Amino acid sequence: AQQVPGVGGVMKVMPFMSFFTLLTVAFVPLAAALYVVTSTTWSAVERAVLYRDMPGAVPAGAAALG
């Protein structure tokens, strides 16, 4: 039987795959939360910059609050 190149390396890594899964489960929700916070902050700053030169302009969402 012939050995496929690279199988030896894969077999060395296989026992650690469950740990990689645990790391992924631990960090993906953190990354998603960081993405939401960053994009929301970016949008708020962007709107503030865009609407600063428009007197009387009401940013989206502000009309529903007041």
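Quick notes on this structure:
- In order along the stretch 40-47, the Karplus-derived 3J(HN,Hα) couplings, from 6.51 cos²θ - 1.76 cosθ + 1.60 at θ = phi - 60°, round to 5, 5, 4, 5, 5, 5, 4, 5 Hz, and Gly and Pro are given as x.
- Scattering curve values for the stretch 7-52, log₁₀ I(q)/I(0), Debye with Cα scatterers, q = 0.28, 0.29, 0.30 Å⁻¹: -0.91, -0.93, -0.95
- If you sort Arg47, Arg52 by accessible surface, 1.4 Å probe, largest first, the order is Arg52, Arg47.
The values are calculated or read from the model by the stated rules, or taken from the named source; none is laboratory data. In this text, all values refer to a predicted model and were calculated from it rather than measured experimentally. Surface areas here come from the heavy atoms of the whole protein model, side chains and all, with no ligands, DNA or RNA. Shrake-Rupley method; radii C 1.70, N 1.55, O 1.52, S 1.80 Å.
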